[in-house]
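Enquirer: Quick one: structure below, then a few questions.
Nothing in this text is a laboratory measurement; each read-out follows from the coordinates by a stated rule. It should be emphasised that the depicted structure is a prediction, and the values quoted were computed from it without experimental measurement. Cβ sites come from the backbone with ideal geometry, for glycine too, and all protein chains shown count toward neighbours.
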Amino acid sequence: MALLNLEAVAPSSGEASPAAAKRFGRVLEDRERNTAAARVLYKSAAVLDESAMDPRTLNRLGLILLNEKRFEEAAAILKKAAKKAEEAKDPYLTADLKGKIYGNLGTALFHAGFPKEAREAYAAAKDNPIAQRNLDLLKRRSVDIP
């Protein structure tokens, strides 16, 4: 197990901050592959200041929950990510990221038992080929869903 430099991600004041929690969560997720700890940190960032939660971090949290098979919780987080992505004035928020958010949302909704809403999310993921494939599969499997 690698040692992490907490000073690199924590604010110098020693106070809890959403930005520090997000940075440390990302380090744990990317370098340590500790998604459970990253999930806790991402959630704590949201508790500290929900307005500081950006679409990227919400998508990462939603994906962790999705991989943990916590589908309804993942769907709720990914809905927030999608809403923030649509409202964002961030030039670095690409269509690719929006496609990933909507694709993940579709998967969470499908597994949570909401196929109609999953279809809508997959349809919104225009630039995501995996989501489009899932949409095609969902259309073929459930023709009775409008």
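Enquirer: Tell me which lysines have Cα within less than 19 Å of Lys84's Cα, excluding those fewer than 8 residues away on the same chain?
Expert: Within the straight-line limit of under 19 Å, Lys84 reaches these lysines: Lys22, Lys43, Lys98, Lys100, Lys126.
Enquirer: Of Pro91, Ala112, Leu138, which is farthest along the charge dipole of segment 71-146 in the positive direction, counting Lys and Arg as +1 and Asp and Glu as -1 at C-beta?
Expert: Among Pro91, Ala112, Leu138, the one farthest towards the positive end of the dipole of segment 71-146 is Leu138.
Enquirer: Run the simple label-point estimate for Ala76 and Ala95 please: 7 Å along Cα→C-beta, distance reported in nm.
Expert: Output for this residue pair reads 3.3 nm.
Enquirer: Can you pull the percent of Cα pairs in segment 71-146 with separation above 20 Å? Display every interim value, and only then the final one.
Expert: Working: 735 of 2850 pairs.
Looking at segment 71-146, the distances longer than 20 Å represent 26 percent of pairs.
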